[in-house]
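Undergrad: Handing you this structure, nothing more for now.
The values are calculated or read from the model by the stated rules, or taken from the named source; none is laboratory data. Computed from a predicted model, the values in this text were never measured in an experiment. Glycine gets a Cβ as well: all are built from the backbone with ideal geometry, and neighbour counts include every protein chain shown.
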Amino acid sequence: MPQPTTTRQNLHYKVWPKRLPRSISPPATSLWHNLAVSALRFPDKPALVFFDKVLSYAQVMQQAERLAATLHAQGVKKGDRVALYMQNCPQWVIAHFAILRANAVVVPVNPMNRAEELKHYITDPDTKVAIAAADLAPELARASSQLEPAQRLTTLIVSHYSDAFDIAAAGDAMPEAWRDWLGARHDLQVLDGGRVMAWQDALSFTTDSLPAHSVGPQDLAVLPYTSGTTGFPKGCMHTHASIMHNAVAGSLWGNSTFENVVLSVVPMFHITGMVSVMHTAIYGGATLVIMPRWDRELAGRLISRWRVTHWANIPTMVIDLMASPNFPAGPVQAKDGTPAAATSSFDLSSLVYIGGGGAAMPQAVAQRLWEQYGLRYAEGYGLTETAAPSHSNPPDATKQQCLGVPFLSCDSRVIDPLTLEEVPQGEQGEIIMSGPQIFQGYWKRPDATAEAFMELDGKRFFRSGDLGHVDEEGYFFLTDRLKRMINASGFKVWPAEVEALMFKNPAIQEACIIATHDAYRGESVKAVVVLRAAAKGKTTEEDIINWCKDNMAAYKYPRVVQFVDALPKSGSGKVMWRTLQEAEAAKT
């Protein structure tokens, strides 16, 4: 592919890694072929590691094909959407590729979502078949039962986490607090008007009747949902081509080889965990060491034991890990004065790449990583709409608390959000992106799709809604947000979605969600609430918080509730959320 020349729009080519092209032409095949090719090349190589259990590439492919045959037998056809609702585990990877092998579309669902939220993931994508973890299946079944019969799920495939490993053989590799959770066996959930199937039964189908794999680069592959400024989450239509681009680009960017060992702890339902970790690893024939959720001591042991080379994360994970007593507090220098790995019970010396996004990495922590372990933390930036990174710091030329430079094949600019004209270098404006990794649009939402895109220099650009600027070397910096969003430890909380859920509480007349300062999470959710007359004096702040806990994901529910007599409103009757946000910011 011809490589563009340096212009005002791509100052970053001055710092571009010499080993890399500026844009790529990824394989013109489906994502399923990445697993098939890796299984052909490395049939006996460890693909997935989960506590004591190791699955080879051949085993992963075989199980994915059998599950695909089951999906076909349950009526899943080309283009159908299948929900995937579980924590990180081998079954998530197998199910993901099984759905793709069945020529269908993956709908990844946050395992923290509750029944009221889950209804949307059944009705909006017209989901009829779902694959869920046994501890989460009741919530999904409850959501389905509350819908009209024609809208409900018809098939629910249920897996226990212990289907993938031997709880008795896990030893001290597993945190003691997880044993009851991961080792518990649950009765099969009843699905109103539908069928429930155990994971092992779903893997018993032969592949004789499995139809040919017929999807290509331009077919829909995944439909991850993202919330926004209005209403319920919107499905982002990603083709095999858009995900493939960033899987290949991520492999090149991280200087990957076939011997990579990747720590997979960023949630796979999230675009970063799915694309930058899982798909990038499978494409490259790497080994994925899977953690179902974060635990700093387990992470330290797994990095040390499996000699992990690549770790994508959110900064709060690194902060937590480095606070472990298994690491020394001060830097250790080699005899020649260069940074050297510190002596501790955890060994990070195998790491060659560490980076992530979702929140800024504190400068002091990044400096400690460099001084003690010789690791440069490479921050990046991306959205569900951009298949994870649209920007990333070059691993050998990082800037701290910086989004990085536009990723491979990505053209990014900064524009005036009102005039839509490009602003001079150094001035603040809205960040926009164009490239093969950009999604096709929002599912069933042509209005929102039209608002999200614009034309510039003959190209279709996605409007991020984030404000930033570019420095003299082409690095992008985030300065503010146009959209209402709360960033709680890297989890994106959209106030409109939380408000829509809160209005279902019969005690609430009005609610406005704003951000409040949190010493650990950075930001947390605060609800400013007007109670109905009948609820005043009978409903407490704690009542509202507990109701929210029961009806929404743990990262979304308000940690603070403030009762007021009325919300500030404009002359047109709109709630003036900025007034409340500014008052909250003034307190801190």
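Undergrad: What are the residues in the stretch 237-252 that are out of contact with any Leu (no Cβ under 7 Å at 6 or more places or on another chain) and in contact (Cβ under 8 Å) with a residue 60 or more places away in the chain, if any?
TA: If the condition is that a residue be out of contact with any Leu (no Cβ under 7 Å at 6 or more places or on another chain) and in contact (Cβ under 8 Å) with a residue 60 or more places away in the chain, then H238, A241, S242, H245, N246, A247, V248, G250 are the ones that fit.
Undergrad: Do you know which residues across the stretch 446-463 are without any contact (Cβ under 8 Å) to a residue 60 or more places away in the chain and among the hydrophobic types (A, V, I, L, M, F, W, C)?
TA: Passing the criteria: A450, F453, M454, L456, F461.
Undergrad: Which condition does F477 not pass, out of (1) surrounded by fewer than 16 Cβ atoms within 10 Å (Cβ to Cβ); (2) modelled with pLDDT under 95, if it passes all the others?
TA: (1)
Undergrad: If you check every pair at least six apart or on different chains, which have Cβ atoms under 9 Å apart with a residue in the stretch 134-151 that is modelled with pLDDT of 95 or more and surrounded by fewer than 21 Cβ atoms within 10 Å (Cβ to Cβ) first and a residue that is among the aromatic types (F, W, Y) and in a helix (DSSP H, G or I) second?
TA: If the second residue must be among the aromatic types (F, W, Y) and in a helix (DSSP H, G or I), the pairs left are D135/Y161; D135/W181.
Undergrad: Could you look through the stretch 456-474, keep only residues that are surrounded by fewer than 14 Cβ atoms within 10 Å (Cβ to Cβ) and in a strand (DSSP E or B), and pick out the one that is farthest from the chain's Cα centre (by Cα)?
TA: Filtering first and then ranking leaves K459.
Undergrad: Right, next: Output yes when any residue across the stretch 61-71 is under 21 Å from K444 (Cα atoms) and of a type outside the set (A, V, I, L, M, F, W, C), and no when none is.
TA: no
Undergrad: Can I ask one more? If I544 satisfies all but one of (1) touching an Asp or Glu at 6+ places or on another chain (Cβ under 9 Å); (2) more than 30 Å from P362 (Cβ to Cβ), what's the number of the condition it fails?
TA: So I544 meets the others, but not (1).
Undergrad: Restricting attention to the stretch 91-133, which residues are under 22 Å from K53 (Cβ atoms), surrounded by fewer than 24 Cβ atoms within 10 Å (Cβ to Cβ) and among the polar types (S, T, N, Q)?
TA: Residues satisfying the conditions do not exist here.
Undergrad: Please tell me if D44 is among the acidic types (D, E), touching a residue at least 60 places away in the same chain (Cβ under 8 Å), in contact with a helix residue (DSSP H, G or I) (Cβ under 8 Å, 6 or more places away or on another chain) and not assigned by TED's automatic domain parsing to the domain that holds N88.
TA: When the stated conditions are applied, D44 does not pass them.
Undergrad: How about the stretch 423-447: which of its residues are out of contact with any Ser or Thr (no Cβ under 8 Å at 6 or more places or on another chain) and either part of a strand (DSSP E or B) or within 30 Å of T127 (Cβ to Cβ) (or both)?
TA: Answer for the stretch 423-447, where residues must be out of contact with any Ser or Thr (no Cβ under 8 Å at 6 or more places or on another chain) and either part of a strand (DSSP E or B) or within 30 Å of T127 (Cβ to Cβ) (or both): G429, W443, K444, R445, P446, D447.
Undergrad: Being surrounded by fewer than 22 Cβ atoms within 10 Å (Cβ to Cβ) and either among the hydroxyl-bearing types (S, T, Y) or modelled with pLDDT under 95 (or both) is the filter; apply it to the stretch 211-226 and report the residue that is farthest from D124 (Cα to Cα).
TA: It comes out as P211.
Undergrad: On to the next question. Check the stretch 73-80 and report whether any residue there is over 20 Å from G284 (Cβ atoms), without any contact (Cβ under 8 Å) to a residue 60 or more places away in the chain, of a type outside the set (F, W, Y) and buried (at least 24 other Cβ atoms within 10 Å of the Cβ).
TA: no
Undergrad: Out of the residues in the stretch 195-222 meeting the condition of being over 17 Å from L136 (Cα atoms) and of a type in the set (G, A, S), tell me which one is nearest to the chain's Cα centre (by Cα).
TA: Among them, the one singled out is A221.
Undergrad: Select from the stretch 467-494 the residues that are out of contact with any Phe, Trp or Tyr (no Cβ under 8 Å at 6 or more places or on another chain) and over 18 Å from L580 (Cβ atoms) and list them in ascending order.
TA: Matches in the stretch 467-494: L467, E472, E473, Y475, F477, T479, G490, K492.
Undergrad: In the stretch 383-403, which residue that is part of a strand (DSSP E or B) and modelled with pLDDT under 95 is surrounded by the most Cβ atoms within 10 Å (Cβ to Cβ)?
TA: The extreme case among them is A388.
Undergrad: Ok, one more. Among the residues of the stretch 401-421, write down those that are under 13 Å from S464 (Cβ atoms), in the same structural domain as M433 (by TED's automatic domain parsing), touching a Leu at 6+ places or on another chain (Cβ under 8 Å) and aliphatic (A, V, I, L, M).
TA: I415, the sole residue that qualifies.
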